[in-house]
Amino acid sequence: MRRVLLRRTVAAVAAVVVTLPLGARPVQAFDFTAIIGAAKAAYELYKEYKEGQSLDDATDKIIKTINDARTDILAQVDRLATAQAKACARSAIIDFNDIPNFNQTTLQAYARDTTACVTLIDSLLDVVTDKASADQLGFTLNTVGPLALTARAHAGFSTSSLLDQVVDSNNTVLSTLKPTCSTAIKGLNGIPQNGAVYTWETRCTAYDGKVGSTSKRIAYPPTTNPYDVPGTTAIVMRHTSHAQATAVLPVLRATPA
């Protein structure tokens, strides 16, 4: 019964996400590069702790990393159409600065709250149908994710399950925001001729209509794949949380549990 109620609650929250008019969302611009870089750097610092570095040193550096991109991060969070996700993310960011001063009780409460924020975002990613909303949730996931992992480490809580959750959530971001790509040999009329040089084009379209393409001049038949779907995807998705997920997943997968 509890699981059914949770699903209904998440579905209700998601309904708010997909039906809220675009005009109701804040219009602040933010630097995609700064947010992607901050998330990757924060996860890398957490990984260094798990590999034997000082937790306190890692925490101080994560605080600085988040603060350096704070204006852009908060501008992105403010675009969330889901009040619950926006509130828990803002709270996580604001409170993280004070984590060195928390007593054990406050620290454990913060660790649980940030973990709950990550799991809320993950639940919303599973049910939201509006890709623009999923994009904003993806960015927020990787702002709160390293904070929650670090907080749990300070509190003496286990981190392996949350690490797995963050990896799974980023995989959801990749699959949800995956662009539509096509490949073709430009200018080809009829059957390709051996030895002839052709332009092999890859074209991808993001959920928001942005289009990117790459091409290679290669003789037929090619000895390697002449199409560059990963590279073209990176070009067209560089302004989305798909690019962020692509950047942080190798770090997360290499992080000890």
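Translational diffusion of segment 180-236 was estimated from the Stokes-Einstein equation, with Rh taken as the Kirkwood radius over Cα pairs; at 4 °C and 1.567 mPa s the coefficient is 109 µm²/s. Only aspartates and glutamates eight or more places from Lys86 in sequence, or on another chain, were considered; those with a Cα closer than 12 Å are Asp78.
Simple spin-label model, 7 Å along Cα-to-Cβ: Asp56 to Asp168 in nm? Label at Asp56, label at Asp168, 3.6 nm between them.
Based on the Cβ-Cβ distance of Ser91 and Ser182, what FRET efficiency does E = 1/(1 + (r/R0)^6) give at R0 = 45 Å, to the nearest 0.05?
0.55
The sum of -39500 (n - 2.57) across all DSSP H runs of n ≥ 4, divided by the residue count of the chain, sets its helix-only mean residue ellipticity at 222 nm to -20500 deg cm²/dmol.
In terms of packing, defined here as the mean over residues of other Cβ atoms within 10 angstrom, the peptides 234-243, 95-104, 67-76 line up highest first as 234-243, 67-76, 95-104. The HN-Hα couplings worked out from phi for segment 95-101 by the Karplus form 6.51 cos²θ - 1.76 cosθ + 1.60 (θ = phi - 60°) are 6, 4, 4, 9, 4, x, 9 Hz, whole numbers, x standing for Gly and Pro. 3J(HN,Hα) along segment 110-116, derived from phi through the Karplus expression 6.51 cos²θ - 1.76 cosθ + 1.60 where θ = phi - 60°, amounts to 5, 4, 5, 5, 5, 4, 4 Hz, with x in place of Gly and Pro. One chain, two ends: Lys131 and Thr223. Fully extended at 0.36 nm per residue, the span grows by 29.4 nm beyond their Cα-Cα distance. Normalising the Debye intensity of the chain to I(0), with uniform scatterers on Cα atoms only, and taking log10 at q = 0.10, 0.12, 0.13 Å⁻¹ returns -0.55, -0.74, -0.83. What is the distance in Å between the Cα centres of segment 180-255 and segment 45-62? Going from one Cα centre to the other spans 37 Å.
For Lys40, the lysines whose Cα comes closer than 16 Å to its Cα, not counting residues fewer than 8 places off in the same chain, are Lys50, Lys61, Lys64.
Only the coordinates and a few stated rules stand behind these numbers; no lab work does. It should be emphasised that the depicted structure is a prediction, and the values quoted were computed from it without experimental measurement. Neighbour counts are summed over all protein chains in view; Cβ atoms, including those assigned to glycine, are modelled from backbone coordinates with ideal geometry.
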